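J.: Provided herewith is a single structure, encoded as structure tokens, for subsequent inquiry.
The values are calculated or read from the model by the stated rules, or taken from the named source; none is laboratory data. Treat the numbers as computed from the prediction; the structure is a model and nothing was measured. Every residue, glycine as well, gets a Cβ built from its backbone with ideal geometry; the counts of neighbours run over all protein chains shown.
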Amino acid sequence: MLNEQMVGYGTARSVIRELFEYGNQRAKVVGRENIYDFSLGNPSVAPPKEVNETIRRLTDEMDPCLLHGYTSAPGDPEARERIAQSIRRRFGMEASAGELYMTVGAAAGLCCCLRGLCNPGDEVITFAPFFPEYGVFIASALAQMKVCPPRPEDFQIDFDALEGLIGPATKALIINSPNNPSGAVYTADTLRRLARLLEEKSRRYGHPIYLISDEPYREIVFSGVEVPYVPKFYANTLVCYSWSKSLSLPGERIGYVFVPGQVEDQSRVYGAVAGAGRALGYVCAPSLMQRVAAACCELTADLSVYEANARLLTRELTAMGYSCVAPGGTFYLFPRTLEADDVAFCQKARELDLLVVPGSGFACPGHMRISYCVPTERILRSLPVFRQLAQLYK
């Protein structure tokens with residue numbers, strides 16, 4: 001007998017991927033220029049030139065056997081030290097190479113954290129709307145997922161709802177700020193209140209409740225918006241980071257887990273993360289990209305197009321009658337759909353070759369996700385179609 005849970009994961013595409021593949025097939029019929037695809041969060045700007053320059057320099061200067069060979073299981077020590085230096089400099093908190101575990105993107109980091117922290121029957125709380133794969137990662141760690149509903153006027157945390165979800169079986173919470181799909185950024189006040197609640201609940205239940213901060217969009221924030229650094233608010237925080245979005249390297253799959261020294265019983269927690277990496281086969285992230293990411297860790301691609309796209313879409317859709325919470329970051333907009341059934345609404349959009357993702361896929365029905373990491377020209381061409389869709393509800 002096969003593991004039917006795994007068969008299910010492998011044979012059922014996510015709603016996002018299904019829509020993306022539909023767009024590829026439909027483009028063969030009507031032409032790519034006539035498909036308004038806002039399904040996938042695939043960066044549309046090139047990596048900074050220093051990325052390719054670093055790749056060329058490393059391939060020219062380093063011993064190829066060393067460059068392409070195994071690093072230590074947690075990652076190349078020099079790369080980890082350079083990243084630790086960047087954390088110290090940027091966020092003003094202690095960090096060392098020995099507190100970093102290099103991973104194949106933030107997703108692998110989340111899997112290592114969840115597998116390392118959780119025992120069967122533990123509970124992990126997520127906040128709607130959330131990246132759908134969280135459910136897969138949590139289930140694979142043999143834990144139970146509990147979902148905190150959103151505060152839809154601004155997508156900050158609904159603390160009344162959260163307090164009722166935390167119990168003796170709560171092992172961890174996952175936060176994602178800036179958030180996919182809402183674009184919301186948790187404020188310092190939100191994080192201070194969250195930290196106080198978790199500290200009180202940890203004391204009440206006699207064990208630490210961990211906060212896993214999923215941060216692939218940290219650098220994609222808009223004018224006047226600050227992303228507070230979560231470990232400075234709550235000691236028992238593990239950070240999962242990826243350069244997929246900041247450096248426009250999603251296909252290179254490189255990131256890290258940071259287990260700060262302030263985490264309770266830090267050496268054992270780090271050992272659990274590393275042990276999970278071993279159990280999952282996630283040791284030694286791609287060695288070339290470890291060195292490239294470390295060398296370029298304080299650079300970003302030209303992210304300004306995302307802010308321009310966000311402002312354009314928010315302004316134009318609001319004028320058409322869509323209800324939008326202006327995003328503080330990321331490259332997603334999460335408007336309300338013009339009928340309660342978001343799946344039916346997005347199907348109507350699909351019939352117009354406008355590909356947007358139902359909010360139900362993010363545990364937040366009644367919304368749609370628009371991924372605007374696309375050329376601005378595509379947004380401009382799509383506006384008449386968004387208007388045509390809105391007219392169906394007049």
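J.: Among strands (runs of 3 or more DSSP E) lying entirely in segment 90-193, which contain 2 or more residues that are surrounded by fewer than 24 Cβ atoms within 10 Å (Cβ to Cβ), β-branched (Val, Ile, Thr) and touching a Phe, Trp or Tyr at 6+ places or on another chain (Cβ under 9 Å)? Break it down into steps so the answer makes sense when it comes.
T.: On the way: elements: 100-103, 123-127, 144-148, 170-176.
In segment 90-193, the matching strands (runs of 3 or more DSSP E) lie at 170-176.
J.: Within segment 280-296, which residues are of a type in the set (Val, Ile, Thr) and either more than 14 Å from Pro47 (Cα to Cα) or touching a Gly at 6+ places or on another chain (Cβ under 7 Å) (or both)? Steps first, answer last, please.
T.: The first filter runs over segment 280-296 and keeps only residues of a type in the set (Val, Ile, Thr), leaving 283, 292.
Result: Val283, single match.
J.: Being among the hydroxyl-bearing types (Ser, Thr, Tyr) and part of a loop (DSSP other than H, G, I, E, B) is the filter here, so list the residues in segment 295-335 that pass it. Show your work before the answer.
T.: First pass over segment 295-335, keeping only residues among the hydroxyl-bearing types (Ser, Thr, Tyr): 300, 304, 306, 314, 318, 322-323, 330, 332.
Matches in segment 295-335: Thr300, Tyr322, Ser323, Thr330.
J.: Within segment 341-352, can you find the residues that are assigned to a loop (DSSP other than H, G, I, E, B) and closer than 17 Å to Lys394 by Cβ?
T.: Restricting attention to segment 341-352, the residues satisfying the condition of being assigned to a loop (DSSP other than H, G, I, E, B) are 341, 352.
Listed by number, the list holds a single entry, Leu352.
J.: Out of curiosity, is Pro260 within 20 Å of Asn176 (Cβ to Cβ), in the same structural domain as Leu380 (by TED's automatic domain parsing) and assigned to a loop (DSSP other than H, G, I, E, B)?
T.: No; evaluated as a whole, the condition is false for this residue.
J.: Only one residue in Ala363, Ala340, Ala344, Ala349 is in contact with a Leu (Cβ under 8 Å, 6 or more places away or on another chain) and at pLDDT 95 or above. Which one?
T.: Just a single option satisfies the conditions, and that option is Ala349.
J.: Right, another one. If you go through segment 33-47 one residue at a time, do you hit one that is over 24 Å from Cys373 (Cα atoms) and not polar (S, T, N, Q)? Break it down stepwise before answering.
T.: Of all residues in segment 33-47, those over 24 Å from Cys373 (Cα atoms) come to none.
For segment 33-47, residues over 24 Å from Cys373 (Cα atoms) and not polar (S, T, N, Q): absent.
J.: Do you know which residues across segment 88-135 are within 14 Å of the chain's Cα centre (by Cα), under 19 Å from Ser242 (Cβ atoms) and among the aliphatic types (A, V, I, L, M)?
T.: Hits for segment 88-135 are Val104, Ala106, Ala107, Ala108, Leu110.
J.: Based on what the data block shows, is Leu211 buried (at least 22 other Cβ atoms within 10 Å of the Cβ), of a type outside the set (D, E, K, R) and over 21 Å from the mean Cα position of the chain (by Cα)?
T.: Details: buried (at least 22 other Cβ atoms within 10 Å of the Cβ): yes; of a type outside the set (D, E, K, R): yes; over 21 Å from the mean Cα position of the chain (by Cα): no.
Considered against the rule, which asks whether it is buried (at least 22 other Cβ atoms within 10 Å of the Cβ), of a type outside the set (D, E, K, R) and over 21 Å from the mean Cα position of the chain (by Cα), Leu211 comes out as no.
J.: A follow-up question, please. I'd like to verify a number: residues in segment 353-394 that are within 17 Å of the chain's Cα centre (by Cα), surrounded by fewer than 21 Cβ atoms within 10 Å (Cβ to Cβ) and not in a loop (DSSP other than H, G, I, E, B), how many?
T.: 0
J.: Looking at the structure I just gave you, is Val257 buried (at least 23 other Cβ atoms within 10 Å of the Cβ) and closer than 20 Å to Arg115 by Cβ? So that I can check it myself, show each step before the final result.
T.: Details: buried (at least 23 other Cβ atoms within 10 Å of the Cβ): yes; closer than 20 Å to Arg115 by Cβ: yes.
Considered against the rule, which asks whether it is buried (at least 23 other Cβ atoms within 10 Å of the Cβ) and closer than 20 Å to Arg115 by Cβ, Val257 comes out as yes.
J.: Name the pairs whose Cβ atoms lie under 8 Å apart, with the first residue in segment 312-332 and within 16 Å of Arg381 (Cα to Cα), the second surrounded by fewer than 17 Cβ atoms within 10 Å (Cβ to Cβ), and 6 or more positions between them or separate chains?
T.: Leu312/Thr376; Leu312/Leu380; Thr314/Ala326; Glu316/Leu383; Met320/Arg387; Met320/Ala390
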